[in-house]
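Notes for the one structure printed next.
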Protein chains: 2
Amino acid sequence: MKQISIQSQIFEYPVIFEKDLSARLKELNKKNKLHILIDKSVWIFYKELFDINKYASLKVFDPVEDKKNISEIASYIEFLLNHKIHKDHKLLVIGGGLVQDIGSFTAHILFRGIDWIFIPTTLLAMADSCVGSKSGINVGKYKNQIGSFHPPVKIFIYLPFLDTLPQAEMINGVGEIIKHALIKGSEAFNFFNKNIDHLGKDKKITEEIIYKSLLIKKEIVEEDEFEKNIRKVLNYGHTFGHALEGYTRHKIPHGIGVLIGMDIANYISVKKEILSLVDFTKIHDLIIRYTKSYEVELKDYDNYMDFLLHDKKVIGNEVYAILSKGIGKIEIMKTKVDFQLKNYIKEYFIKFVN
Amino acid sequence: MKQISIQSQIFEYPVIFEKDLSARLKELNKKNKLHILIDKSVWIFYKELFDINKYASLKVFDPVEDKKNISEIASYIEFLLNHKIHKDHKLLVIGGGLVQDIGSFTAHILFRGIDWIFIPTTLLAMADSCVGSKSGINVGKYKNQIGSFHPPVKIFIYLPFLDTLPQAEMINGVGEIIKHALIKGSEAFNFFNKNIDHLGKDKKITEEIIYKSLLIKKEIVEEDEFEKNIRKVLNYGHTFGHALEGYTRHKIPHGIGVLIGMDIANYISVKKEILSLVDFTKIHDLIIRYTKSYEVELKDYDNYMDFLLHDKKVIGNEVYAILSKGIGKIEIMKTKVDFQLKNYIKEYFIKFVN
């Protein structure tokens, strides 16, 4: 079985590519009192994997953004206490990034910290978010402003979950995987460029892609787990992407936002003469393979700039933009959110998207 | 200025015995954007210490148990975000243990952790809770079931706050100070036994008592910050005390509960023949100096035992009781909550309290 060990500053934990999840769950269940938190769709599709009577508690969770908040955490904790959870019990969290956020934060604050085990079920959670120990929870209208660093004690990756994953969810993972490749360098880029069409179709290649993506994430979070500096490069594409997601009222998946966001960042890098047009085009050609089937049109540039200005990485009228000097050469650069930036973005959309 | 450095596993932080708090606050305010969380009574009595216009935000907090919950935390965090709190700002928390819980937990989860500075204003917070990084927050009917380990970056002890502290609040501190002495050993016990009557009256002795109490706490939490083992001895007196507080519907202060709780634990230790009657009496004579002025009567022993059985340290019909083999010789011993234990407790109350 493929395995990666993450050297967190909190503790070391393994990511295990599991072939027989049913047997593994039985084994976990023998050794621990488990409280299960599971994504609603996964529960519906894979109920038979879980022999439910044996667990200490079960919460089926509908992963909608509205429910990723502190009051939901409070009521889940009351549920666990009603089910006599004890400090030695473990949370078993099964789902995508949002269920991970709920599970990780709950495990962090309950009894000042209990162990949790994570089984990611989306491509994004498998290839990206499962590693790095971060959680983010909403308070009122504020998104992800509270959270914790609390890694699971073990992560199990079970590829068959991808068979039932909706296309938009796959794209969310692809966005982050391509981002990892662009951060890492040419070898990773060439590998993903060559193989990513087989993702979700060929088991061996899918496993290899997730494995390589996690190795890149591992390298970054091991160097800067608490996001003091270099981990910030993982926001590549996210500032411009979030603004586009906001502008389109979330009609495009997050992954498409990230992909176009990186393309915008790269175009700005070209205009700032730090990225060659050859490199821009090489990356752009990969990105449009995914983005071309989505209808994205930007007309009201002032409105888009408004969304950009409200990003939490914007301070005053400046943003710490993550730009590119080439594949594997990502840089954080203070950039004015001004008329010139708006013109660059306008130019990008007229040339490549609208 | 007296100072203690606490070697937390999270980071090192100082406890500073501050003579000129007003000047110190001005200096802190120059260097940092401060958001103040302050106890309501302290705010009323000491308003003039704080030049309010300069701070980023101010929250006056009424420290009642009902408000030590997660929804109060959520609304405080919304308040801070509405006041444009940023990751580099600091919380300045001024108050007793309950305000400390709110401030510490808020600082821990907001932006996955921001810095906070603590100015304890009760004897208990000065001599005990300010050191050790723990917070506890209620969820629904469950007390202190969530929390964090998140020490302040600095603690300032300013003795004049004690001048306006109600007697019951002083007693809460005395309970924990005597507990520290009994955990530490004869030298500490003799010092406190000799000097504790001057507490709050003589500035120099008051400072010395708080200083010595914190050194004992420091030693324990530096060895076991996350309460895996020896830090549990700090619960000495608390299990039997909490049950008494519950039985009397909190008509006695927590400190009286702890003092009588330690006396009960010691009496049980005598009955179990691990503590000599001489040592019991020596400690009992100190304890009754404080407890004698409170009317405590126990008649319904079954009801008291019910409260005991509901303590979170009771598992099944056993409790990890913290008993004594002598001054400085505290031990955690698994003890059956049974008819015999009830008889010991009954005997204790008939002989010494009722």
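In chain B, taking the dipole from charged Cβ atoms about the Cα centre, the farthest positive-side position among B:F156, B:S41, B:I330 is held by B:F156. Dipole size of the protein assembly as shown about its Cα centre, with +1 on Lys/Arg Cβ and -1 on Asp/Glu Cβ: approximately 340 debye, rounded to the nearest 20.
With the convex hull of its Cα atoms as the shape, chain A has an orientation-averaged projected area of 16.9 nm². Highest mobility in the GNM of chain A, judged by mean-square fluctuation with C-alpha springs under 10 Å and restricted to A:L124, A:L215, A:L110, is found for A:L110.
Under 9 Å from the Cβ of A:Q9, count the other residues' Cβ atoms, weight Lys and Arg +1, Asp and Glu -1, and hand me the total.
Around A:Q9, the charge tally is -2.
Rounded to the nearest whole angstrom, the semi-axes of the ellipsoid equivalent to the range B:7-62, taken from the Cα gyration tensor as √(5λ), stand at 22, 14, 13, largest first.
Distances, shortest first, from the label point of A:T281 to those at the same position in the other copies read 10.0 nm; the point lies 7 Å along Cα to C-beta. With a cut-off of 17 Å on the backbone N, the residues of the range A:24-54 near the modelled label site 7 Å out from A:D62 along Cα-Cβ are A:38-45.
Using a ≥ b ≥ c from the Cα gyration tensor of the range A:84-169 (square roots of the eigenvalues), is it rounded, prolate or oblate, where a/c under 1.5 gives rounded and otherwise the larger of a/b and b/c decides, a/b for prolate? Note, shape of the range A:84-169 comes out oblate. For B:K312, the shell of other residues with beta-carbons less than 10 Å away shows a net charge of +2, using +1 for Lys and Arg and -1 for Asp and Glu. Expressed to the nearest 5 percent, the antiparallel share of DSSP beta bridges inside the range B:3-164 is 30 percent. Here the ratio of the Cα radius of gyration of the range B:192-278 to 2.2 N^0.38 Å is 1.29. Across the identical copies, the 7 Å label point of A:S186, projected outward along Cα→Cβ, sits 7.8 nm from its counterparts, in ascending order. Here the Debye sum runs over all C-alpha atoms of the range A:119-251 as equal scatterers in vacuum, and log10 of I(q)/I(0) at q = 0.10, 0.15, 0.19 Å⁻¹ comes out as -0.34, -0.80, -1.27. Compactness of the range A:168-352 is given as radius of gyration and Dmax, 15.7, 48 Å, from Cα positions.
Label sites at B:E187 and B:F307, each approximated as a point 7 angstrom past Cα along Cα to Cβ, lie 3.8 nm apart. Bridges between two residues of chain B, per DSSP, are antiparallel at a rate of about 45%. Once C-alpha pairs closer than 8 Å and six or more residues apart are averaged by separation and normalised to the residue number of the range A:173-256, the relative contact order reads 30 percent. I'd like the antiparallel share, as a percent to the nearest 5, of DSSP beta bridges with both residues in the protein assembly as shown. Given both bridge residues lie in the protein assembly as shown, the antiparallel proportion sits at roughly 50 percent.
Its DSSP H runs of at least 4 residues, each contributing -39,500 (n - 2.57), put the calculated 222 nm mean residue ellipticity of chain B at -14500 deg cm²/dmol, to the nearest 500.
In whole percents, the pair-distance distribution calculated for the protein assembly as shown from its alpha-carbon pairs, binned every 10 Å from zero, is 3, 14, 21, 22, 18, 12, 7, 3, 1, 0. Max-minus-min Cα coordinates of the range A:3-164 on each principal axis give 41, 32, 31 Å, with the largest extent listed first. Per residue of A:67-74, other chain Cβ atoms within 10 Å of the residue Cβ number 3 on average.
Computed from the coordinates by the stated procedures, all read-outs in this text should not be read as laboratory data. Only a predicted model underlies this, so the values are computations on that prediction, with no experimental measurement involved. Neighbour counts run over all protein chains shown; Cβ positions are idealised from the backbone, glycine included.
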